[in-house]
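What follows is a short report on a single structure.
The values are calculated or read from the model by the stated rules, or taken from the named source; none is laboratory data. Predicted model only: the values in this text are computed from it and were never measured. Every residue, glycine among them, receives a Cβ derived from its backbone with ideal geometry; neighbour counts consider all protein chains shown.
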Amino acid sequence: MIIGSGFGGSVAALRAAEKGYRVAVLEAGRLAANDPSARRFLFESLADRGVAPSAAAALGRLGDPAVSEEIGRRLGAARSDEERRALVLALRLDASPAARAELERFAREGGGSPAFQAKALRGLEQ
Ligand SMILES: Cc1cc2nc3c(=O)[nH]c(=O)nc-3n(C[C@H](O)[C@H](O)[C@H](O)COP(=O)(O)OP(=O)(O)OC[C@H]3O[C@@H](n4cnc5c(N)ncnc54)[C@H](O)[C@@H]3O)c2cc1C
């Protein structure tokens with residue numbers, strides 16, 4: 001049982017889990033889902049190649065319609081397939097109706113290279 005998900009607690013939890021222990025983490029602080037500055041940080045991290053997949057995973061887990069809409073907006077304005085990939089990943093990890101609607105809108109309206117568009121459509125069928 002780990003109390004607190006700060007640097008110390010998170011690393012201890014990860015190391016214990018890697019060794020095969022069952023780990024529970026108790027955190028007294030706010031959830032990113034309720035914290036606009038944490039959301040902003042996650043969105044900004046989507047531009048960073050090294051962090052983008054984990055930021056997408058975290059955003060996907062929020063399952064918040066406002067977040068799905070923001071991802072959809074960014075997807076429509078994205079300038080590279082790399083950027084689109086992280087955003088599509090976030091929508092696919094968030095299986096909510098709002099995320100699906102954004103993904104469908106993107107697939108209908110098109111955007112990105114033909115190869116990327118085909119991938120987005122395949123993602124919708126799964
Ligand atoms: C503004 C700022 C900038 C910093 N910048 C840097 C930097 O650039 N580089 C660097 O190396 N260090 C930096 N630090 C220091 C670094 O953040 C700390 O050294 C580090 O976070 C300490 O880790 P920790 O796990 O001990 O505690 P914390 O990261 O503080 O984590 C403790 C966690 O426990 C939770 N908690 C507390 N009480 C309870 C309870 N009773 N039940 C459940 N959960 C509880 C808290 O909510 C918190 O999430 C900075 C610190 C601050 C404040």
(message) Which pairs turn up if I take residues in the stretch 104-118 that are assigned by TED's automatic domain parsing to the domain that holds residue 68 and look for partners that are of a type in the set (Phe, Trp, Tyr) and part of a helix (DSSP H, G or I) with beta carbon separation below 7 Å, at least 6 apart in sequence or on another chain?
(response) none
(message) So if I check each of 48, 64, which one is over 24 Å from residue 100 (Cβ atoms), away from the ligand (no atom under 16 Å from the Cβ) and assigned by TED's automatic domain parsing to the domain that holds residue 96?
(response) 48
(request) Taking residue 123 as the residue in question, decide whether it is at pLDDT 90 or above and either not hydroxyl-bearing (Ser, Thr, Tyr) or not in a helix (DSSP H, G or I) (or both). (result) no
(message) Out of 54, 68, I need the residue that is modelled with pLDDT of 90 or more and out of contact with any strand residue (DSSP E or B) (no Cβ under 8 Å at 6 or more places or on another chain). Which one?
(response) 68
(message) Being assigned by TED's automatic domain parsing to the domain that holds residue 92, among the aromatic types (Phe, Trp, Tyr), modelled with pLDDT of 90 or more and within 16 Å of the ligand (Cβ to nearest atom) is the requirement here; does residue 41 meet it?
(response) yes
(request) Test each condition in (1) on the phi > 0 side of the Ramachandran plot; (2) more than 16 Å from the ligand (Cβ to nearest atom) for residue 4 and report the one that comes out false. (result) (2)
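Determine if the stretch 16-26 includes at least one residue that is on the phi > 0 side of the Ramachandran plot and more than 11 Å from the ligand (Cβ to nearest atom). Show your work before the answer.
To start, the set of residues in the stretch 16-26 that are on the phi > 0 side of the Ramachandran plot comprises 20.
Those still in the list that are more than 11 Å from the ligand (Cβ to nearest atom) too: 20.
There is at least one residue in the stretch 16-26 that is on the phi > 0 side of the Ramachandran plot and more than 11 Å from the ligand (Cβ to nearest atom).
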(request) Name, by its number, the condition in (1) crowded, with 16+ Cβ neighbours inside 10 Å; (2) among the small types (Gly, Ala, Ser); (3) within 16 Å of the ligand (Cβ to nearest atom); (4) touching a residue at least 24 places away in the same chain (Cβ under 8 Å) that does not hold for residue 13. (result) (4)
